[in-house]
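First up is the structure itself, then whatever we jot down about it.
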Amino acid sequence: MPGKRPLNAAVIPGAKRERKAITLDIKLEVLRRFEVGEKLSQIAKALGLAVSTVATIRDNKEKIKANSQIATPLRASRLTRHRSAVMETMERLLHVWLEDQSQRNVPLSVTIIQEKAKSLFDDLQRERGGSSQTEKFSASKGWFVRFKERHFLPHFNMDGTAPGNKGVYPEVLRSIIEEGKYTPQQVFNVDETGLYWKRMPEGMFISVEEKAEPGFKPSKDRLMLLLGGNAAGDFKLKPLLVYHLENPRSLKGYSKPNLPVIWRSNKKAWATRSIFQEWFIYFFCPAVEKYCAQNHLTNKALLILDSAPCHPVNLGDLSDNVRVEYLHDSAADSVQPMGQGITSIFKAHYVKRTFEHILEATDGEDTATIRGFWRNYSIMDAVDNVAVAWEELRPATMNSVWKKIWPECVHFQSVSQTDNIAQLQQNIVTLAKNVAFEGAVEADVDQLLRSHEEDLSNEELMQLEQEPVGEGESEEVPPALRQLTTGELSAAFSHFEAGLQVLTSNTPDAEWKVQVSRAINDAINCYRELYEERQRRSKQLS
């Protein structure tokens, strides 16, 4: 009938949904991405496929490759042509470097990224004896655009920078504090920092001997810490520690909830949105509530953050008692309290405590040698020393760093004498000499403290490809995850995908779609990895 709207599958109950054809070249692209180390969820997002579809393609790898071999010669050559191993490795390491820069909120440009890519490519060629190879790489802008597409980096604009954060400036923040009637005890700031937990000053013989040994260097082993406290300086939060192993051998027999840190793991020892959100809900909010009750304060708080990618934008919606404000990008580095020396002072205390630990272990008769002690110095020793170092920071120091962002709350205009960096460096040198490091000088200690904040070098990026030695992972599996079956996990993923489809299909803003998709996938990634591990084990058993 004229004017009658045509019927379609959307309005006819039970109508079959049109199936999306997956061509051979798409299947080969999925397999190529698996071979270079991309995760299942990343591939699904990049190619616009369902996670289950990508998993099916992966499981039928041999059959798909066999089909590609019997294709016409022209088609087969076009579909199976791969870039060189050096190029693939360079892009994978560059992606790691970009994520590290993003974690630390470092501004980037296309030029900086191009220069890093070119230097990585050249170093990889040299390492693999590529001086005689003819492959050239110029890191052009065209390559950068394709690199973004291959590695799904929509959070970088065409100029290479992350989208600007619409955060508040310090003057606006002070009006928020006044309006909310927050006291210095109720205003908090936290920040992430990296720590090479087994690194010694360059000139000391332990460091020199380590460089002479082949393979992965323990001094390259890094962990991430989330440190913070309130503006009054009288309450320091329990540190969150993120390591690349969930169950290192040295933690066997310890109860993680009873550790002096909150222990979490991530393959690259980074804080993710899901880790940060879990910390906010299950650790920060309860800690604030307990602190306010003990000090007869109203249960409310203001949390000030920078706009690091690991800080979810929806934190303020997750608590009725905690307000979250993000500093504007242009102001964050210069005014954020935890960035005004707290992390540097903490690391100086950590190095000092490490030398005290060596002295205690090697002083006296029938004790370990320095080499023997350091060989057995484990991540558990580091955890204990992190706790001691964090406890060393005085309330005066924790309060004094707020003078740039909220000067009215500051009662101590300078850091405590015990937290003075210069004095701490002198103490470290004295301890080192007592331990028999006669060549210890303050310049080496200063360089060590600065090295924790340096960019990942090409050498360190290449060493991330290797498996660290000395701290293997035990076979212990968290009991909460062990109870989930593959059927239950598969059903949960279906619900997540259906919900994500509803959210993204009704959201016109492309940036919001990306943020929502990434946040949800980050949150359930640990369950996807568990599901994949269960499938692999099932195949091995069969």
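List of remarks:
- Which numbered condition TRP270 fails, given (1) surrounded by fewer than 18 Cβ atoms within 10 Å (Cβ to Cβ); (2) in the same structural domain as LYS236 (by TED's automatic domain parsing); (3) part of a loop (DSSP other than H, G, I, E, B): (1)
- When ASP381 is tested against (1) more than 25 Å from ASN189 (Cβ to Cβ); (2) at pLDDT below 90; (3) not β-branched (Val, Ile, Thr), only condition (2) is not met.
- Which listed residue, of SER344, SER319, SER334, is touching a residue at least 12 places away in the same chain (Cβ under 8 Å) and not assigned by TED's automatic domain parsing to the domain that holds TYR196: SER319
- Yes/no for SER250 being closer than 30 Å to VAL514 by Cβ, modelled with pLDDT under 95, assigned by TED's automatic domain parsing to the domain that holds GLN294 and not acidic (Asp, Glu): no
- Number of positions in segment 96-132 that are at pLDDT 80 or above and either hydrophobic (A, V, I, L, M, F, W, C) or outside any helix (DSSP H, G or I) (or both): 11
- Filter result for GLY372 (without any contact (Cβ under 8 Å) to a residue 12 or more places away in the chain, outside any helix (DSSP H, G or I) and in the same structural domain as ALA436 (by TED's automatic domain parsing)): no
- Enumeration of residues in segment 411-434 that are crowded, with 20+ Cβ neighbours inside 10 Å, β-branched (Val, Ile, Thr) and under 20 Å from MET398 (Cβ atoms): VAL415
- There is no residue in segment 466-477 that is at pLDDT below 75 and in a helix (DSSP H, G or I).
- When residues of segment 318-338 are limited to those that are of a type outside the set (A, V, I, L, M) and at pLDDT 90 or above, the one surrounded by the fewest Cβ atoms within 10 Å (Cβ to Cβ): ASP320
- Residue count, segment 262-296 (criterion: in contact (Cβ under 8 Å) with a residue 12 or more places away in the chain, over 15 Å from GLY229 (Cβ atoms) and aliphatic (A, V, I, L, M)): 4
- Selection of segment 435-450 for residues being surrounded by 15 or more Cβ atoms within 10 Å (Cβ to Cβ) and not hydrophobic (A, V, I, L, M, F, W, C) yields ASP444, ASP446.
- Exactly one residue out of ALA361, ALA308 is of a type in the set (A, V, I, L, M, F, W, C), touching a Lys or Arg at 6+ places or on another chain (Cβ under 8 Å) and touching a residue at least 12 places away in the same chain (Cβ under 8 Å), and it is ALA308.
- Selection from segment 227-248 of residues that are among the polar types (S, T, N, Q) and closer than 18 Å to ILE405 by Cβ: ASN230
- Looking only at segment 246-267, and only at residues there that are among the hydroxyl-bearing types (Ser, Thr, Tyr) and surrounded by fewer than 19 Cβ atoms within 10 Å (Cβ to Cβ), the one that is nearest to LEU530 (Cα to Cα): SER265
- Selection from segment 155-186 of residues that are crowded, with 19+ Cβ neighbours inside 10 Å, aliphatic (A, V, I, L, M) and either in the same structural domain as PRO337 (by TED's automatic domain parsing) or modelled with pLDDT under 75 (or both): ALA162
The values are calculated or read from the model by the stated rules, or taken from the named source; none is laboratory data. In this text the structure is predicted, and so the values were computed from the model without any measurement. Positions of Cβ are backbone-derived with ideal geometry, glycine not excepted, and every protein chain shown enters the neighbour counts.
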